[in-house]
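The values are calculated or read from the model by the stated rules, or taken from the named source; none is laboratory data. Here the structure is a predicted model, which means the values were calculated and not measured. Ideal geometry is used to build each Cβ from the backbone, glycine not excepted, and the neighbour counts take in all protein chains shown. Just the protein is used for accessible areas: all its heavy atoms, side chains included, with ligands, DNA and RNA removed. Shrake-Rupley method; radii C 1.70, N 1.55, O 1.52, S 1.80 Å.
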Amino acid sequence: MSKAISMTAGIVDRSHMIRRSKGERVYNVFNILFFTLFAFLCTYPFYYLIINSISDNDASAAGEVNWWPHGFHLENYKAVFGLEGLGDAAMVSLGRTVIGTVCTVLASAYLGFMFTQKKMWRRSFWYRFVVITMYFNAGLIPGFITMKNLGLTNNFWVYILPAIVQPFNIILVKTFIESIPSSLEEAAEVDGAGTLTVFRKIILPMCTPILATVAIFSAVGQWNSFQDTLLYMSDEKLYSLQYVLYLYINQAAALASSVKANGTSSAVNVAAMATQQTPTSIRMTVAVIVVLPILFVYPFFQRYFVKGMMLGAVKG
């Protein structure tokens, strides 16, 4: 009797496993299709920019380049890289991205650590003082007057100093550090370690995921920023890459309109249309140049990004 019951139970379990495995297969197929479509929607805009930047410019301007390149040439990139002052602007953007990211990460790490220390004088007050700046802004004109009075107009450090203390990044780091067992800090203090030693030898090595997340946020913001150049810079040597390319887009649009208005229908002009720069081709090329550096940097931080965001946002 017991053998019959066990055999019946085994058959029921196997049939349940078969039914469940079929459901899992259907789910897996649906899951794969969904995320394949989602990945395509995420990557297609970049692919579209690239194929339009290397295709015949007349076809690109007419909207005929959607899936495959029409023709192939690199004249757009030659035109952009041949822009006067582009090298200096690239060095400015690279410098502000590297220096600004390092300063922001260190400041966020240290302030986030200090706001978890109960022995910090008026800790709650200073923490709220920093957080409240997320909700209030002095405005454009007061901000410009402040920077001018501080001597930061036409100064490279205007790119760095205002962006060092970022309340959102500090909150992420503080929340992450609170998830670290306090016994580690207590053990180090018993061994005679001071605050800076605890921060440097214990907290920093354990905060790699959240600091990588902060680094991504800061690097993307610094690399893509051009409004501060527009507001605070009149010295062309301190123009950022994005601002120079923005100016070039405007100039390219005006130049293309002038060529259209004054151009003739000679055979030479018709043959040159494939490589003649248009506003569309310039916009596509500039977008590729601006986006590619960040796309190359992001994979190195990707494994830390998700972990840092999750652990930095779970505990309040």
Assigned charges on the beta-carbon of Lys, Arg, Asp, Glu; region 138-250 dipole about Cα centre (debye): 280 debye
Among 81, 100, 135, which residue has its Cα positioned farthest towards the positive end of the charge dipole of region 81-140, with +1 placed on the Cβ of Lys and Arg, -1 on the Cβ of Asp and Glu, and the dipole taken about the Cα centre? 135
To the nearest 20 Debye, how big is the dipole of region 188-245 about its Cα centre, given +1 on the beta carbon of each Lys and Arg and -1 on that of each Asp and Glu? 140 debye
Whether region 38-113 is rounded, prolate or oblate, judged on the alpha carbon gyration tensor where a/c under 1.5 counts as rounded: oblate
Calculated FRET efficiency, residue 64 and residue 33, Cβ-Cβ r, R0 22 Å, to nearest 0.05? 0.15
Computed accessible area, residue 123, all protein chains, 1.4 angstrom probe, square angstrom: 70 Å²
In Å², nearest 10: area of residue 88 left accessible to a 1.4 Å probe: 100 Å²
Does region 37-183 come out rounded, prolate or oblate by the C-alpha gyration tensor, with a ≥ b ≥ c the root eigenvalues, rounded set by a/c under 1.5 and, if not, prolate when a/b is larger than b/c and oblate if not? prolate
Given charges at beta-carbon only (K, R positive; D, E negative), |dipole| of region 14-158 in Debye: 1620 debye
Taking a ≥ b ≥ c as the square roots of the eigenvalues of the Cα gyration tensor of region 112-174, is the shape rounded (a/c under 1.5), prolate (a/b larger than b/c) or oblate? prolate
Which FRET efficiency, nearest 0.05, do residue 189 and residue 224 yield, Cβ-Cβ r, R0 45 Å? 0.60
Would you list 30, 168 from the most to the least accessible area, probe 1.4 Å? 30, 168
Using a 1.4 Å probe over the heavy atoms of the protein chains, calculate the carbon and sulfur portion of the accessible area of region 69-174 as a whole percent. 68 percent
How large is Rg/Rh for region 207-253, to two decimals, with Cα atoms and a Kirkwood Rh? 1.17
